[in-house]
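The structure appears below as structure tokens.
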Amino acid sequence: MAITLQGNWKAGKAYDLHTVSSAHLATDEFGHDRFDNARSEMGELVYQLKYRQNKAALPHIIMLLDAIFGVERFDVIVPVPPVNSRPLNAVELIAIALGDRRGVPVVTYALRNAAGARLAAISDPIEREAALADAFRLKASTRALAGKSVLVVDDLYRTGATLRTATSVLSDKGEAAEVSVLTMTKI
């Protein structure tokens, strides 16, 4: 089930929804709501890779992405940099494996996120986009992306702020000829 994503990019897709159902269970002793979430197959695989460091989920993610056509036409794949430092960078691993499978080079060093953990705490889309505009920097030389067709890969589409900002940076500062986006899941 591919979901079309609208934005400042040429084309955008999310492979599937992240969560297919959610039921509130209770509020814990710290005041946090607890839910019983049922994730899509892709949502569960991404969760296992990102939060459980279960690398066995990666080949399954890439196999599911075989349903997304046209990845081969891109000149380069660029993973979105993480907000928080984790022992395992799931988006980068997905991008590299997808690039290997489809024969597309991956530029893991193209973008850098200078906002860090402070960005994760911002849920308001307008505030998030403003913070992202200051946070994302082009790390690679502009020659690495200039005139190229770029596919930006991320694990989750929430408001689109991250992808809009990445697209702007890659287009404006990186001089990419075109930018499209692919996420594993969408909320």
Legend entry - Meets criteria (under 24 Å from Val150 (Cα atoms), out of contact with any helix residue (DSSP H, G or I) (no Cβ under 9 Å at 6 or more places or on another chain), among the hydrophobic types (A, V, I, L, M, F, W, C) and not in a helix (DSSP H, G or I)) for Phe69: yes
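Counting only residues that are out of contact with any Leu (no Cβ under 7 Å at 6 or more places or on another chain) and within 30 Å of Arg73 (Cβ to Cβ), how many does segment 10-38 have?
Restricting attention to segment 10-38, the residues satisfying the condition of being out of contact with any Leu (no Cβ under 7 Å at 6 or more places or on another chain) are 10-11, 16-17, 19-33, 37-38.
Next, from what is left, pick out any that are within 30 Å of Arg73 (Cβ to Cβ): 10-11, 16-17.
Residues in segment 10-38 being out of contact with any Leu (no Cβ under 7 Å at 6 or more places or on another chain) and within 30 Å of Arg73 (Cβ to Cβ): 4 in total.
If we keep just the residues of segment 24-38 that are small (Gly, Ala, Ser) and not in a loop (DSSP other than H, G, I, E, B), which is nearest to Met63 (Cα to Cα)? Walk me through it before giving the result.
Keep residues of segment 24-38 that are small (Gly, Ala, Ser), which gives 26, 31, 38.
Of the ones still in play, those that are also not in a loop (DSSP other than H, G, I, E, B) are 26, 38.
Values: Ala26: 36, Ala38: 21 Å.
Among those that are small (Gly, Ala, Ser) and not in a loop (DSSP other than H, G, I, E, B), it is Ala38.
Give segment 146-184 a look and list any residue that's closer than 20 Å to Ala121 by Cα, touching a residue at least 60 places away in the same chain (Cβ under 8 Å) and either among the hydroxyl-bearing types (Ser, Thr, Tyr) or outside any loop (DSSP other than H, G, I, E, B) (or both), or say none. So that I can check it myself, show each step before the final result.
Of all residues in segment 146-184, those closer than 20 Å to Ala121 by Cα come to 154-166.
Now narrow it down to the ones that are touching a residue at least 60 places away in the same chain (Cβ under 8 Å): 154-157, 160, 162-164, 166.
Residues satisfying the conditions are Asp154, Asp155, Leu156, Tyr157, Thr162, Leu163, Arg164, Ala166.
Name the one entry in Val169, Val153 that is buried (at least 18 other Cβ atoms within 10 Å of the Cβ) and within 23 Å of Lys50 (Cα to Cα).
Details: Val169 fails: within 23 Å of Lys50 (Cα to Cα).
Sole residue among the options that is buried (at least 18 other Cβ atoms within 10 Å of the Cβ) and within 23 Å of Lys50 (Cα to Cα): Val153.
Here is a list: Val91, Val80. Which entry is in contact with a helix residue (DSSP H, G or I) (Cβ under 6 Å, 6 or more places away or on another chain), under 22 Å from Val46 (Cβ atoms), surrounded by 17 or more Cβ atoms within 10 Å (Cβ to Cβ) and at pLDDT 90 or above? Before the answer, list the steps.
On the way: Val91 fails: in contact with a helix residue (DSSP H, G or I) (Cβ under 6 Å, 6 or more places away or on another chain).
Answer to the check: Val80.
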Legend entry - Residue count for segment 1-23, restricted to those that are without any contact (Cβ under 8 Å) to a residue 60 or more places away in the chain, part of a strand (DSSP E or B) and in contact with a strand residue (DSSP E or B) (Cβ under 6 Å, 6 or more places away or on another chain): 4
Inset, instruction - Only residues that are within 20 Å of Thr159 (Cβ to Cβ), polar (S, T, N, Q) and at pLDDT 95 or above: list them for segment 34-56, please. - result: Ser40
Inset, instruction - Would you please name the residue that is surrounded by the fewest Cβ atoms within 10 Å (Cβ to Cβ), looking only at residues in segment 1-33 that are among the aromatic types (Phe, Trp, Tyr) and over 11 Å from Tyr157 (Cα atoms)? - result: Phe30
Legend entry - Among (1) surrounded by fewer than 21 Cβ atoms within 10 Å (Cβ to Cβ); (2) modelled with pLDDT of 80 or more; (3) not β-branched (Val, Ile, Thr), the one test that Lys139 misses: (2)
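So which residues in segment 45-62 are assigned to a helix (DSSP H, G or I) and in contact (Cβ under 8 Å) with a residue 12 or more places away in the chain, if there are any at all? Walk me through how you get there before you give the answer.
Looking only at segment 45-62, we keep the residues that are assigned to a helix (DSSP H, G or I), and these are 45-52, 57-62.
Passing the criteria: Leu45, Val46, Leu49, Lys50, Ala57, Leu58, Pro59, His60, Ile61, Ile62.
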Inset, instruction - With the condition kept exactly as written, say whether any residue in segment 129-136 is over 14 Å from the mean Cα position of the chain (by Cα), of a type in the set (Asp, Glu), part of a helix (DSSP H, G or I) and surrounded by 12 or more Cβ atoms within 10 Å (Cβ to Cβ). - result: yes
Inset, instruction - Starting from segment 63-87, keep only residues that are among the charged types (D, E, K, R), then list their pairs with residues that are modelled with pLDDT under 95 whose Cβ atoms are within a distance under 6 Å, requiring at least 6 positions of separation or different chains. - result: none
Inset, instruction - State which residue pairs qualify: first residue part of a loop (DSSP other than H, G, I, E, B) and inside segment 102-128, second residue modelled with pLDDT of 90 or more and exposed (fewer than 12 other Cβ atoms within 10 Å of the Cβ) in any location, beta carbons under 8 Å apart, and separation of 6 or more residues or different chains. - result: Gly103/Glu72; Val104/Glu72
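The values are calculated or read from the model by the stated rules, or taken from the named source; none is laboratory data. Predicted model only: the values in this text are computed from it and were never measured. Don't worry about glycine lacking a Cβ; one is built from the backbone with ideal geometry, like all the others, and counts go over all protein chains shown.
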